[in-house]
Amino acid sequence: CNFGMGMINAHFYATPGTAPADRSVALDRFFAATVAFGHPGYLLPERHAAQRNYADVKVGEEEFRSYYLIQAIASKYTVSDARIVRYGCSGGRLLSTEEAIMSKECDMMQVLSSYSDGTVTAANGSTNAWFSFGMAGMEVKLPPNGLFAISGDRKACAWIGEHERRRAEFAISPDYVYLNGRGAFVRLPGGATDGICVRRLLDGNTEEVIPFGAKRIELPYVADRIEALDETEGVIETIVPRAKRGCTLLEPQPGVVSYRVTREASFPGISATDCLEAILK
């Protein structure tokens, strides 16, 4: 598997003229490589290197993505041993390491790994072919530079793929839900958003909702109370919740850093398995 690892420029723009027009392609490939190699993750961005090729790099956005997308699942696979590694090749076959070394068809850079604690990760390093495989009765389909990961206890997962015909990503853990609709309003497990949204689960039925670039957020429950917070967690104002079809609608306002939301008491816990099944069905 020849992803290359380290800095993002190891993948594309170390060589003049190879940077993709869309920086998200380079980032997706970097995240896929992180999971493929079982790395703990890197807090991005390499802003100075990035801005040589991408003038619109936003301060903070890539930090959000690199932390919340990878952190929960990396905390699982980095403390476990890789037991089984398989490599995708043309024709859709999965080869062992020995078979891949001998094969002349194993150049897809598609990697599927199983760890000693039951964690499973997959990364599609191909730039033009999809990666498909079966798991627990489900068919996982990853687009180029997509990734899939679920912990052995089924409490954490991460995913970059296509949903509702759009590229999107999310991560689930007992501590937070991370969603990214990438500019289009997409319904994902754990909520819906057109940008980056992090739901940090606090004590009881309270959570902190952190938007980054999102103009519209839909929380998958009816909220009892919403408080708009500043950077010191001081309350700017209390907002009357707006609910529709059992969901709470939230439109982030300028000057608000995050929202403290009290959920209905009956709101169930988050299951990574249920979330992935919703995406993969």
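Please list, ordered by chain and number, the residues whose modelled amide H lies under 5 Å from the amide H of residue 188; skip anything fewer than 5 residues away on the same chain.
Amide H to amide H, under 5 Å and 5 or more residues apart or across chains, residue 188 pairs with 193.
How much net charge surrounds residue 234 when only the other residues with a Cβ under 12 Å from the Cβ of residue 234 are counted, with Lys and Arg +1 and Asp and Glu -1? Provide the component values of the computation, followed by the final result.
On the way: positive: 260; negative: 227, 230, 231, 233, 237.
For residues surrounding residue 234, the net value is -4.
How far apart, in nanometres, would the label points at residue 127 and residue 240 be if each is projected 7 angstrom from Cα along the Cα-to-Cβ direction?
It works out to 5.5 nm between the two label points.
Could you list which residues have their amide H under 5 Å from that of residue 225, counting only those 5 or more apart in sequence or on another chain, with H placed in the peptide plane?
Close amide H contacts, sequence-distant or interchain: 262.
According to a simple spin-label model (label point 7 Å from Cα along Cα-to-Cβ), what is the distance in nm between residue 135 and residue 83?
1.5 nm
Under the definition of Cα pairs under 8 Å and six or more residues apart, what whole-number percent is the relative contact order of the stretch 68-188?
With pairs under 8 Å counted, the relative contact order is 21 percent.
What chymotrypsin sites (Phe, Trp or Tyr not before Pro) does the stretch 81-186 have in DSSP loop regions with at most 10 other beta carbons within 10 Å?
Working: sites: 87, 115, 130, 131, 133, 148, 159, 170, 176, 178, 185; in loops: 130, 185.
Nothing satisfies the criteria.
About the Cα centre of the stretch 181-229, how large is the charge dipole given +1 on each Lys and Arg Cβ and -1 on each Asp and Glu Cβ? Please answer in debye to the nearest 20.
The dipole magnitude comes to about 280 debye.
Provide the FRET efficiency to the nearest 0.05 for the residue 225-residue 184 pair, computing r from the beta carbons and using R0 = 22 Å.
0.15
Could you give log10 I(q)/I(0) at q = 0.20, 0.25 Å⁻¹ for the stretch 187-281, computed by the Debye formula over C-alpha point scatterers of equal weight, without solvent?
-1.00, -1.49
Two decimals is fine: what's Rg over Rh for the stretch 145-217, C-alpha atoms, Kirkwood radius as Rh?
Numbers: Rg = 12.2 Å, Rh = 12.5 Å.
For the stretch 145-217, the value is 0.98.
In the neighborhood of residue 178, defined by Cβ-to-Cβ distances under 11 Å, what is the net charge if each Lys or Arg adds +1 and each Asp or Glu adds -1?
Net of charged neighbours comes to +1.
Going out from 0 in 5 Å bins, what whole percent of all Cα-Cα distances in the stretch 111-178 drops into each bin?
4, 16, 26, 27, 18, 7, 1
Please give the length that would be gained between residue 251 and residue 206 if that part of the chain were fully extended, namely 0.36 nm times their separation in residues minus their C-alpha to C-alpha distance (nm, one decimal).
In short, 14.3 nm is gained.
Which GluC sites (Glu not before Pro) does the stretch 200-278 hold that lie in a coil by DSSP with at most 16 other beta carbons within 10 Å? Intermediate results must be reported in sequence, preceding the final value.
Details: sites: 207, 208, 218, 227, 231, 233, 237, 264, 277; in loops: 231, 233, 264.
Those satisfying the criteria are 231, 233, 264.
Using 1/(1 + (r/R0)^6) with R0 = 25 angstrom and r between the beta carbons of residue 233 and residue 278, what's the FRET efficiency to the nearest 0.05?
0.20
Throughout, read-outs are computed from the coordinates displayed, never taken from laboratory work. Being a predicted model, the structure only gives us computed values, none of them experimental. Cβ atoms come from the backbone with ideal geometry, glycine included; neighbour counts cover every protein chain shown.
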